Structures are given as C-alpha cells and as structure tokens.
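*Asks:* Have a look at this one.
The values are calculated or read from the model by the stated rules, or taken from the named source; none is laboratory data. Nothing here was measured: the structure is a model prediction, and the numbers come from that model. Quick reminder, even Gly has a Cβ in these numbers, built from the backbone with ideal geometry, and neighbours come from all protein chains shown. These area figures cover heavy atoms from the full protein model, side chains too; ligands, DNA and RNA do not enter into them. Shrake-Rupley method; radii C 1.70, N 1.55, O 1.52, S 1.80 Å.
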Amino acid sequence: MNDKLKMEASDELFKAILLLKDVEECYDFFEDICTVNEIKSLAQRFEVAKLLKEGETYTNIAKVTGASTATISRVNRAFSYGTGGYRSILERIKEN
C-alpha cells in the first residue's frame, strides 16, 4: 500500500464502498462521487487488466478497449509490479 494514499479520508471512502450492497448501489454512489469520464476510465483500466491477465497483446487490447498504449503500459506496470490488487480481485472474480 502506498503511504501517500493512506489517510483517514481514504479509509472512510473505502469503508463506504465496502458497504455497497449491489451493482445498482455502486452505480448510484459512483455516479455521485465521480464524473462519467472517471468511471469510464476506471472501467477501461480494469478491462485492460483482465485482458493482460489473459495474455492478450497491447495491439488487441487497444483495439478492444480503445485504451492508449500508454494506459495499457501503466496498467501492465501496476499489474506486474504493483501491490497485487488487480491479481487478487481478478482471482476472486474467477472463483465466483
């Protein structure tokens, strides 16, 4: 975890997210707290991570998601060398 990110306000935000009950509540909450473009950007990054895990090429990922190679590279760096957040949630999704 990045110490620069750790603060009480972040803790409160993450606790609030954990209280969301279903996808519809997520839409309502995130639509209030984020712009449409921020939500789309987060969703795109998550889709890129899923495709990277599946072994897709940058070219194919860019074609499928519309993500720039810079975004794909950034996600790949986090996926490969980050805290493991992408990996753990993708594995949890696979198990369900």
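*Asks:* How many residues are surrounded by 14 or more Cβ atoms within 10 Å (Cβ to Cβ) and under 11 Å from residue 50 (Cα atoms) when one looks only at the stretch 75-96?
*Replies:* Residues in the stretch 75-96 being surrounded by 14 or more Cβ atoms within 10 Å (Cβ to Cβ) and under 11 Å from residue 50 (Cα atoms): 6 in total.
*Asks:* Checking residue 45 against (1) charged (D, E, K, R); (2) touching a helix residue (DSSP H, G or I) at 6+ places or on another chain (Cβ under 8 Å); (3) open to solvent by less than 80 Å² (accessible area, probe 1.4 Å): exactly one of these is not met. Which one?
*Replies:* Residue 45 satisfies every listed condition except (3).
*Asks:* Within the stretch 48-74, can you find the residues that are in contact (Cβ under 8 Å) with a residue 40 or more places away in the chain and open to solvent by 60 Å² or more (accessible area, probe 1.4 Å)?
*Replies:* Taking the stretch 48-74 as the starting set, the residues that turn out to be in contact (Cβ under 8 Å) with a residue 40 or more places away in the chain are 49-50.
If the condition is that a residue be in contact (Cβ under 8 Å) with a residue 40 or more places away in the chain and open to solvent by 60 Å² or more (accessible area, probe 1.4 Å), then 50 is the only one that fits.
*Asks:* Same structure, new question: Any chance the stretch 18-25 includes a residue that's loosely packed, with under 14 Cβ neighbours inside 10 Å and within 24 Å of residue 80 (Cα to Cα)? First the steps, then the outcome.
*Replies:* As a first pass, look at the stretch 18-25 and keep what is loosely packed, with under 14 Cβ neighbours inside 10 Å: 18-19, 21-25.
Filter once more, keeping what is within 24 Å of residue 80 (Cα to Cα): none.
Among the residues of the stretch 18-25, not one is loosely packed, with under 14 Cβ neighbours inside 10 Å and within 24 Å of residue 80 (Cα to Cα), which makes the answer no.
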